[in-house]
1. Could you tell me which of the pairs A:LYS43/A:LYS188; A:LYS217/A:LYS312; B:LYS188/B:LYS218; B:LYS25/B:LYS161; B:LYS217/B:LYS338 are separated by over 30 angstrom between their Cα atoms in the structure shown?
2. Between the stretch A:52-107 and the stretch B:1-51, how far is it from one alpha carbon centroid to the other, in angstrom?
3. Give the average over all directions of the projected area of the C-alpha convex hull of the stretch A:269-401, one decimal, in nm².
4. With springs only between Cα atoms under 10 Å, which of A:PRO180, A:PRO248, A:PRO268 fluctuates most in a Gaussian network model of chain A?
5. Mind checking the dipole of the stretch B:264-347: about its Cα centre, +1 per Lys or Arg Cβ, -1 per Asp or Glu Cβ, Debye to the nearest 20?
6. For a Förster distance of 22 Å, can you work out the FRET efficiency between the beta-carbons of A:CYS164 and B:GLU140, rounded to the nearest 0.05?
7. Given Cβ point charges of +1 (Lys, Arg) and -1 (Asp, Glu) and nothing else, what value in debye, to the nearest 20, does the dipole of the protein assembly as shown about its Cα centre take?
8. What residue among B:THR70, A:VAL20, A:GLY163 has its Cα farthest toward the positive end of the dipole of the protein assembly as shown, where the charges are +1 on Lys, Arg and -1 on Asp, Glu, each on the Cβ?
Protein chains: 2
Amino acid sequence: MIVQKYGGSSVATAEKIRGVAERIKQRVDRGEKLVVVVSAMGKTTNSLIALAEQVSQEPSPRELDMLLATGEQVTSALLAMALCDMGIPALSYNAFQLGLTTTGSFNNARIMDLNLSRLRMQLERRSVLVVTGFQGVTPEGDVTTLGRGGSDTSAVAIAAKCGCPCEIYSDVPGVFTCDPNRVPGARKLDYITYDEMLELSSLGAKVLHSRAVEIAKKYSVDLYCGSTFSDERGTCVVNSLPEWLEQPVVSGVTTDSNQTRLTISRLPRSMEALSALFTGLAEQGVNVDMISTVNENGHSHLTFTVVDATEKAVLRTVRDVLAPWEGWSVSEDRNVVKVSAVGVGMKSAPGVAARFISALSRKGIAMLGTTTSEIKISALVATEDGNAALRALVEEFGLGE
Amino acid sequence: MIVQKYGGSSVATAEKIRGVAERIKQRVDRGEKLVVVVSAMGKTTNSLIALAEQVSQEPSPRELDMLLATGEQVTSALLAMALCDMGIPALSYNAFQLGLTTTGSFNNARIMDLNLSRLRMQLERRSVLVVTGFQGVTPEGDVTTLGRGGSDTSAVAIAAKCGCPCEIYSDVPGVFTCDPNRVPGARKLDYITYDEMLELSSLGAKVLHSRAVEIAKKYSVDLYCGSTFSDERGTCVVNSLPEWLEQPVVSGVTTDSNQTRLTISRLPRSMEALSALFTGLAEQGVNVDMISTVNENGHSHLTFTVVDATEKAVLRTVRDVLAPWEGWSVSEDRNVVKVSAVGVGMKSAPGVAARFISALSRKGIAMLGTTTSEIKISALVATEDGNAALRALVEEFGLGE
């Protein structure tokens with residue numbers, strides 16, 4: 001038994017859906033049993049969100065999930081039809097039918113359970129079940145969705161629960177050292193570790209959703225990323241690289257433009273103010289990154305980054321918690337991008353940070369902030385420097401062809 | 001408590017959905033509790049069927065229902081959002097959530113039950129529930145749909161179960177003596193009986209689905225048809241007309257172009273052949289209407305009508321069951337329309353059939369067949385004669401303005 005997942009661009013049209021059905025048929029003909037998780041067709045989710053915004057300025061989160069969940073149901077029904085048409089008696093299942101229960105946090109729910117017995121029973125009688133990705137139901141029966149990229153999470157969660165491998169298919173033939181659309185020489189990786197993939201996904205690489213990688217790591221799910229449109233070999237996401245493979249210092253570089261940089265000028269000197277600020281942000285559940293302070297003419301200025309989506313809430317919180325003090329001001333800059341290099345090899349190779357920084361400096365790229373972990377280094381640069389920074393890192397760490 | 005139903009053209013765009021929400025708000029402001037049943041937006045169901053036919057020549061009935069059910073879920077979520085946006089905390093419910101169970105005949109399921117306690121409990125806490133029309137689930141959890149016009153049936157069934165009135169809103173402001181798009185002088189009726197409405201719906205009038213009227217009659221549901229887009233008074237569908245109202249002989253006339261006329265020429269003389277034919281058709285569940293035979297030069301020819309959709313199956317059956325005999329042939333004619341006059345007053349007024357027939361004859365319209373019941377007379381005429389026949393009947397029975 002194998003879980004497969006096909007992304008939105010793989011099922012964007014009726015013709016592509018038939019193409020996916022053909023691929024599935026080849027596997028069934030080899031005697032495999034498949035649970036196929038699908039996303040909504042093409043840009044359906046975006047269109048539905050646009051429709052919601054036409055009827056309501058701030059759509060009810062419960063109703064938004066009820067709306068968005070239809071996208072995956074459409075694809076799953078169509079794919080099951082296409083398979084039936086080819087003589088494979090597939091059935092589609094939605095979250096209700098599968099007992100895929102989640103927490104009640106609409107638009108960003110987490111999977112809690114899955115009725116495995118039903119799924120297993122059906123797979124005894126037939127070779128393919130098509131399952132709606134991205135959606136769940138609460139124990140009370142409300143429809144939920146798992147957030148952007150949630151279909152990856154659905155697929156890996158089902159594979160984890162079934163103890164079987166998971167194959168993620170998209171329009172990209174695997175994981176690359178760098179986004180091939182931005183750096184022509186980007187190289188496809190045969191293997192990448194869970195930890196590296198987790199960092200790359202969190203840092204902007206779109207090939208896999210980071211929550212899906214988290215679950216894959218936790219339950220040691222055999223994970224494979226490949227192309228829907230070719231038989232080219234993809235990338236295996238593994239616990240550790242095969243021993244015969246030389247461990248690169250840096251496995252991949254990526255950019256994340258979903259960042260806003262906030263600057264609080266003339267920050268009040270009191271420790272109380274700083275503490276109130278970060279406590280307030282933490283209470284809002286905001287992730288603050290790349291914090292730095294600059295002293296200038298006896299005043300200190302604080303900068304940090306947050307993800308774009310939380311920016312409004314962050315500005316509100318900043319104004320609220322700093323209200324008792326006077327003389328400060330806050331400004332924002334969305335024209336920034338986070339450039340990161342990731343590699344488990346960094347742990348044992350000293351001087352990677354120095355190489356990273358000097359590679360950017362040599363190209364005259366200003367770093368507005370940096371942050372590091374055991375296996376990654378990130379720098380914030382101006383948006384217009386993003387591509388040059390990527391190319392400098394690809395060259396420095398030998399990630400090109 | 002009141003059940004309302006809004007048809008596809010009433011919710012065709014985001015703007016129209018907001019319009020419906022405004023109408024609902026007015027009722028809520030008056031202190032009413034509403035269960036609002038909605039259809040898919042505009043032509044969504046047709047688009048989904050077209051999509052299905054792109055992936056499969058003969059879409060699996062189960063998967064087709066899974067696909068089509070998404071249309072109503074989209075509308076219900078959007079309407080609930082629009083209501084929330086106006087300060088009315090509405091919730092949308094689909095068939096799973098409502099326990100709206102049906103038989104397992106996909107594409108044409110019949111409602112079996114409804115979890116009333118859940119619905120009642122929710123209505124204690126809020127004023128509006130928005131419910132997906134047209135869809136159900138089998139006891140095993142498969143998604144079903146109720147067939148064309150099924151949202152009317154959903155609405156009336158919920159009203160019947162709750163013992164409350166039902167209002168059906170569409171782009172037509174009520175039931176007319178005749179289709180106002182075809183006969184300009186058509187008059188709107190204030191009242192019509194269940195029996196008349198049932199005949200009119202079965203004979204082609206699109207304002208209400210005949211199964212919905214059947215359920216309304218069976219459970220004496222107060223039924224009202226009105227316009228979504230105006231406050232003009234609509235039509236009450238009642239058990240019997242108010243006593244003060246003069247009972248017209250004919251309440252309405254209608255046409256049904258969904259008819260195919262089959263002719264079997266040189267029908268074998270044996271009674272066995274005729275018996276095999278009608279037994280064969282009955283076993284296929286085909287409704288045969290307007291049967292007539294003509295004798296000519298020692299041969300007899302049989303004609304009858306069936307609804308367009310069953311035509312292929314009927315032709316197959318005819319060829320199969322008459323295979324043992326020789327010399328006959330079968331031909332079909334889709335260029336026909338059934339024109340009908342309906343009125344409970346016919347029961348007590350003799351000579352209505354004569355008036356009906358002579359009204360058409362006077363205009364030189366050939367009748368290819370006729371059929372009558374206690375409260376209706378139908379004639380089959382060539383499609384090009386349809387409008388003239390309608391106008392002749394409107395004039396004869398005083399149905400114009």
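1. Details: A:LYS43/A:LYS188 26 Å; A:LYS217/A:LYS312 33 Å; B:LYS188/B:LYS218 25 Å; B:LYS25/B:LYS161 24 Å; B:LYS217/B:LYS338 25 Å.
Pairs exceeding 30 Å: A:LYS217/A:LYS312.
2. 21 Å
3. Working: hull surface 40.4 nm².
The Cα convex hull of the stretch A:269-401, projected and averaged over all directions, gives 10.1 nm².
4. Result: A:PRO268 has the largest fluctuation of those listed.
5. My answer is approximately 160 debye.
6. 0.30
7. Dipole of the protein assembly as shown, to the nearest 20 debye: 300 debye.
8. Most positive-ward Cα: A:GLY163.
Throughout, read-outs are computed from the coordinates displayed, never taken from laboratory work. Being a predicted model, the structure only gives us computed values, none of them experimental. Cβ atoms come from the backbone with ideal geometry, glycine included; neighbour counts cover every protein chain shown.
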